[in-house]
Amino acid sequence: MQLPRNPFKASLTGDTRYGCWAGFATAYATEILATTGFDWLLVDGEHAPNTVPTILAQLQALAPYACAAVVRAVNHDPALIKQLLDIGTQTLMIPMVDTADQAAQLVAATRYPPQGFRGVGGGLTRATRWGEVEDYMATAHEELCLIVQVESRSGVDNAEAIAATPGVDAVFVGPFDLSTDIGHIGNPHHPEVQAMIRHTLDATHAAGKAAGILAPVEADARRYADWGFDFIAVGIDISLLRQAAKATVSRYKGAE
Ligand SMILES: O=C(O)C(=O)C[C@H](O)[C@@H](O)CO
């Protein structure tokens, strides 16, 4: 069989792609989200209680739908990256990337020798469809999409070099970590943070790469779309459930 295509990678330039955080760490909830019309979902292995098996189950749940899976790892560990790729992750997001050297190491973790140092799982892995995909090792990188997160002052200072790193497909701004790192705790609206977000967007586009951001507040998402962000997470499933549940209960019991 042919290597599965990565429609998310193919769609990175063009109209803004709208996504949602998937934080319940269950395939059932993620599958429900996949039926709602979002272009992509972030299966969050950084802050949601996910493990490699729960991420695998969510990839399998998403497979039949026209809703792309973006998998976020908890850290830069090449062993974890290897497992996430082996279960069939094609779009991988890595948090807290501060330098071009780190970005280059992450690229290398996703590539087989001699371009990198990814270990060979071969017929053991879902990525190769247990050995059925022709030329997997020679072609896998073509359908892999590596997104690095810029979410610190150092990351913004190095945004040009990070974005320009060969093999980095996109840069995703983490507005909450960025604002907190520079002393405006949890306040992405501070003008200094907004300027850094815009700088990162411009640096990413100057390198010919796509830029994404999390914006659960609608006014922010619309502003970022106007600025030219290519993919925006406009919701967080856990917040959406809480908002809907609180609104429902308050209609009967009054706001508490
Ligand atoms: O810094 C950010 O913003 C992000 O990277 C997203 C958060 O990690 C996400 O968990 C929302 O709280």
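The values are calculated or read from the model by the stated rules, or taken from the named source; none is laboratory data. Since the model is a prediction, treat every value here as computed from it, not as a measurement. Reconstructed Cβ throughout: ideal geometry from the backbone, glycine too, with neighbour counts over all protein chains shown.
Assorted remarks:
- Flag if Gly14 is over 10 Å from Asp237 (Cβ atoms), at pLDDT 95 or above and not charged (D, E, K, R): no
- For the stretch 175-188, the candidate set comprises residues that are within 15 Å of Ser154 (Cα to Cα) and surrounded by 22 or more Cβ atoms within 10 Å (Cβ to Cβ); within that set, the residue that is nearest to the ligand (Cβ to nearest atom) is Pro175.
- Residue satisfying condition, being buried (at least 21 other Cβ atoms within 10 Å of the Cβ), under 15 Å from Met93 (Cα atoms) and among the small types (Gly, Ala, Ser), within set Ala163, Ala159: Ala163
- Odd one out for Pro191 among (1) away from the ligand (no atom under 15 Å from the Cβ); (2) closer than 26 Å to Ser154 by Cβ; (3) in contact (Cβ under 8 Å) with a residue 60 or more places away in the chain: (3)
- Residue count, the stretch 8-28 (criterion: of a type outside the set (Gly, Ala, Ser), crowded, with 16+ Cβ neighbours inside 10 Å and in a helix (DSSP H, G or I)): 2
- Sub-9 Å Cβ pairs linking a first residue in the stretch 40-58 that is without any contact (Cβ under 8 Å) to a residue 24 or more places away in the chain and in a loop (DSSP other than H, G, I, E, B) to a second residue that is within 15 Å of the ligand (Cβ to nearest atom) and β-branched (Val, Ile, Thr), at least 6 apart or interchain, number zero.
- Test result for Glu31, part of a loop (DSSP other than H, G, I, E, B) and charged (D, E, K, R): no
- The stretch 214-256, residues that are under 21 Å from the mean Cα position of the chain (by Cα) and part of a loop (DSSP other than H, G, I, E, B): Ala215, Pro216, Val217, Gly228, Phe229, Asp230
- Residues being among the aliphatic types (A, V, I, L, M) and either surrounded by 23 or more Cβ atoms within 10 Å (Cβ to Cβ) or not in a helix (DSSP H, G or I) (or both) - total across the stretch 202-213: 4
- Within the stretch 127-147, considering residues that are surrounded by 15 or more Cβ atoms within 10 Å (Cβ to Cβ) and not hydrophobic (A, V, I, L, M, F, W, C), the one nearest to Tyr112 (Cα to Cα): His141
- Condition met for Val150 (without any contact (Cβ under 8 Å) to a residue 24 or more places away in the chain, under 20 Å from Asp230 (Cα atoms), among the hydrophobic types (A, V, I, L, M, F, W, C) and crowded, with 21+ Cβ neighbours inside 10 Å): no
- Residue check for Ala138: within 30 Å of Gly88 (Cβ to Cβ), in a strand (DSSP E or B) and small (Gly, Ala, Ser): no
- Candidate set: the stretch 58-106, residues that are buried (at least 21 other Cβ atoms within 10 Å of the Cβ) and of a type in the set (S, T, N, Q); chosen: the one nearest to Ala170 (Cα to Cα): Thr91
- Matching residues, the stretch 44-69, being more than 17 Å from Ala127 (Cα to Cα) and touching a strand residue (DSSP E or B) at 6+ places or on another chain (Cβ under 7 Å): Asp44, Gly45, Glu46, Asn50, Cys67
- Subset of the stretch 24-48 [within 13 Å of the ligand (Cβ to nearest atom) and either at pLDDT below 95 or within 16 Å of Ile94 (Cα to Cα) (or both)]: Leu42, Val43, Asp44, Gly45, Glu46, His47, Ala48
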